[in-house]
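Comments concern the structure below.
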C-alpha cells in the first residue's frame, strides 16, 4: 500500500499543489516566528552583553540594573559619586568607571528638539578606560574634554551632523550648551535607549548635563589574577558602600542579568507573533481536511476497486494517511525554508509599525525546524484522519456501480450537528454575556473570550445549516445582473452546504478577528474623541518635556495674550497619601469645569480648595476613607504632612485623571520645586483657532522644550497609533486569510474536476466558454462573500461585547461601527474570490466538450 500511496501522489500531484501551498504558508509562519524570535533574542543579548564586556564587578543602585532611560530623575536612585574614588583605590582594581544615563535633549540645526519615537535625547558618560566602553565608533573618537561630544550614528545621519560640527544640548537647568562633535558611534539594537538620540560626554560633563546625583553603575576591571568573587567581596567591605543598599554583581552575574533582560524584551513579542502563527496553522489544517474529504469522495470508485482486489479497511486507511504524511513532510520542509525569508519580513513589518525590532543575527535553531515541521506533520496527518476513516467505509460492491456523487448528510447526522451547534452557540452567548456584566475588566475579558470561542465553534458547527439560505440571499443580486449563469453558480455553491461551510470556515476565522479589531479600534477613537470633548474641552495645551516644568515667565506670557480666554496651569507629580504613593494632579481653579470636567461620583471638582482633596472613586476603599473624612498627605521628599478633607470622588474612567486631585496651593506646599508640566488654553470667543495658535507659538518660541498641541493633534496622534496597530494585526492575520482564499481556489479546482461531465453537458446545451468561466467565478465569489459576511457579523458582535465590557467597567466607551471599512472587506472578499477562480475557470473552459465527456 505504501507504493500505491506514492503512485497516487505522483498521479495527482497537481491536485495537491494548492494544498501544499497552504501547509507551506502555515508552517512558514510558525518557523518564521521561531527564527525571528531567536534572532532578535540573540541581537538583544549581544547588545546588552556589551555592557558587561571586560567588567569583572559592578555596583548598581538598590533595585539592580537600570534598563530604561525614560525614568524620573527625581525618583532615580544612584550610586554615591564618592564611591568611585574609593573603588579605584583598591589594590586589586585595574580601573573603574562611573556610568551615567540621563536626559540630554539635542537641538537640530534649525533649533528644534530632536525627538525619536516621541522621546528626547539621552546622555551617557564615556569612560577614560576604553576597555570598559561598550559602543563602537564608526568615525572619530570618544570625548576627552569638557566641551566635546559624541553622537549616535542614526541621529547624525538623519540630522546631517558631521565631525567638527557644533551640537547644542539643553542641560538639566534648561540652559543650552554648545559642544564640539568629535565622534560618531553605533548604538545598534541596544534597547536601553529605546530608539532615542544618544549623545556622550566625559563623565563629569555627563553628570552636570543630565543632572544626575550619582552613577547608574560603577563598572570595575580587576588586575590580572584577581577573581571576580574576591573583587566583589572587597567592594562590599568598602565603608562608603557598606550598608548603602547598593547591588553588587560579578562580571558573570552581570552577563546573566543582562541576558535575562534581553529575554524579557523578546519573549512577549515571540508569544504575540506565535498566536497569529498558530491561527494560520489551524486555518491550514481546515483547508487540508476539506481537501482530503473532497479527494476521498472523488476517489470512491478507486478505493472500492482496491477493496475488490483484496485491500483491507486498515490498508485503505493506512494508504490515505501515508499520502498525508509524505505530502505533509515535503510541504512542511519547504515551509521551514520559506520561514527563513518570512522572518525577515516580520522584522520589516514590525519596524514599519515603529516597534524597532532589528535582527543583526539570523539564528536558525534546529529546534525551530523540529517544532515547525512537526507541527506541519501533525496538522496534515491529523486533518487526514477523518477523511481516511471515511475512505474505509467504501464497500467493494460500489466499484460495480456508477461513479459516486457527492456524499449526502443523513437526517440524523444533520440533527445532531444542529443540536450541538445550537447548544454551543447559546452556551457561548450566555458565558460571554456574563463576562460583559462584570466590573473587573481582566476577569471579564477572560470570561468574554471563553464565551466568544465557544460561540464561534457553535456557529462553525451550524455552518452547513447557515450556508444554503445565505448563499441564496447573496446570489440574488448576481442572478439579476448576470442571469442564468449566476443562478447556476448559486445553485452549485449551495448544493453541498457541508463542503461550502468547511471551505469558508477558514476565511471566516480570519475575517472575524480582523473585524473585531476594526470595531474595537474605531470605538476607541470615537470614545477618546468624546472624552476629550466632554471632559477636557481645551483648545490647546503647552506641554513640557518629562522631568521639566513650564517656566513661570512662559505661563505669564500666555495669560497676557489678548487672543486667549482661559489659561490654566496644571501640575502632576507623586505624593504619599495615607502611607501609599499616589499620582496627584492640580489645576488653577479657573480650569475647573472650563478645562477639566471629570465624571463625578460624589461632590463637585470645584469643591477642591486648599485643605481639601478629591479622589478616584476606587481609591476611597483602598485608602480606607470616605467623603467627609480626612487623609494624611506628604510630598515626594517628605517634609511636613498635610491633613486634607475628602470632598469629592470621580470615575476611574481612563480619561487621564490622576488618582488624587488637590489644590495648587497644597501641591506647591508639598513639592515647592515642581512647576506646572502643562498649561491648558481656551481661545477667546471670536478669535480663530489659527490666530490663537499663532499667538501661543510666538509666546513660547524661545523655549525649544515646550510643545504646543491642539485637540486635533492629540486625535491625530491617537488615530495614527491605532491605525498602525490595526494595520499590524491585519497584516498578521493576512496570511491566514490568504491561506483561506487558497483553500477556496483548491476546493473549486477539485470541484471542477468532479463536475467535468456536468460542465461538458452544459457546454453541449449551449453554454459558452465565457459563460462557464463566469459561472465558476461567481460561485467562488459567493463562497468568499459568505465567509466574509459571517466573519463580519461575528467579529462585529465580539467587538461590541468588548466595547460594552470596557464601558461597563469604566463608564467610558461608545460603540462605533466603521461601515466603510466593513464594506471594503466585503468587496475585497468578493474580488479575492473571483481571483481565486481564475485558474480553475480557465482550466474548465479550455477543455473541449468531447474530451470532457471522454475523461469524465
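Structure notes:
- Number of residues in segment 307-331 that are over 30 Å from residue 28 (Cα atoms) and in a helix (DSSP H, G or I): the value is 6.
- Among the residues of this structure, residue 500 counts as one that is surrounded by 20 or more Cβ atoms within 10 Å (Cβ to Cβ) and either outside the structural domain of residue 293 (by TED's automatic domain parsing) or at pLDDT below 85 (or both).
- Residue check for residue 507: in a helix (DSSP H, G or I) and within 20 Å of the chain's Cα centre (by Cα): no
- Criterion (in contact with a helix residue (DSSP H, G or I) (Cβ under 9 Å, 6 or more places away or on another chain) and either at pLDDT below 85 or assigned by TED's automatic domain parsing to the domain that holds residue 378 (or both)) met by exactly one of 235, 306: 306
- So residue 757, is it in a helix (DSSP H, G or I), touching a residue at least 40 places away in the same chain (Cβ under 8 Å) and surrounded by fewer than 23 Cβ atoms within 10 Å (Cβ to Cβ): yes
- Helices (runs of 4 or more DSSP H) (entirely within segment 1-114) containing at least 2 residues that are modelled with pLDDT under 80: 2-11, 13-49
- Among the residues listed as 685, 649, 604, the single one being touching a residue at least 24 places away in the same chain (Cβ under 8 Å) and under 26 Å from residue 524 (Cα atoms): 649
- Within segment 581-608, considering residues that are exposed (fewer than 15 other Cβ atoms within 10 Å of the Cβ) and in a loop (DSSP other than H, G, I, E, B), the one modelled with the lowest pLDDT: 593
- Restricted to segment 166-230, the set of strands (runs of 3 or more DSSP E) holding at least 3 residues that are modelled with pLDDT of 90 or more, in the same structural domain as residue 130 (by TED's automatic domain parsing) and over 23 Å from residue 146 (Cβ atoms) comprises 217-222.
- Answer from 551, 562 - the residue that is modelled with pLDDT of 85 or more and touching a helix residue (DSSP H, G or I) at 6+ places or on another chain (Cβ under 9 Å): 562
- Helices (runs of 4 or more DSSP H) wholly inside segment 761-856 containing at least 2 residues that are under 29 Å from residue 727 (Cβ atoms), modelled with pLDDT of 85 or more and in the same structural domain as residue 521 (by TED's automatic domain parsing): 769-810, 819-836
- Boolean, residue 537 is over 30 Å from residue 173 (Cβ atoms) and free of Cβ contacts under 8 Å to residues at least 40 places away in the same chain: no
- Within segment 231-258, tally of residues that are free of Cβ contacts under 8 Å to residues at least 60 places away in the same chain and farther than 14 Å from residue 80 by Cβ: 6
- Qualifying residue in segment 460-478 (condition: at pLDDT 85 or above and in a loop (DSSP other than H, G, I, E, B)): yes
The values are calculated or read from the model by the stated rules, or taken from the named source; none is laboratory data. Note that the structure is predicted; figures quoted are calculated from it, not measured. Neighbour counts run over all protein chains shown; Cβ positions are idealised from the backbone, glycine included.
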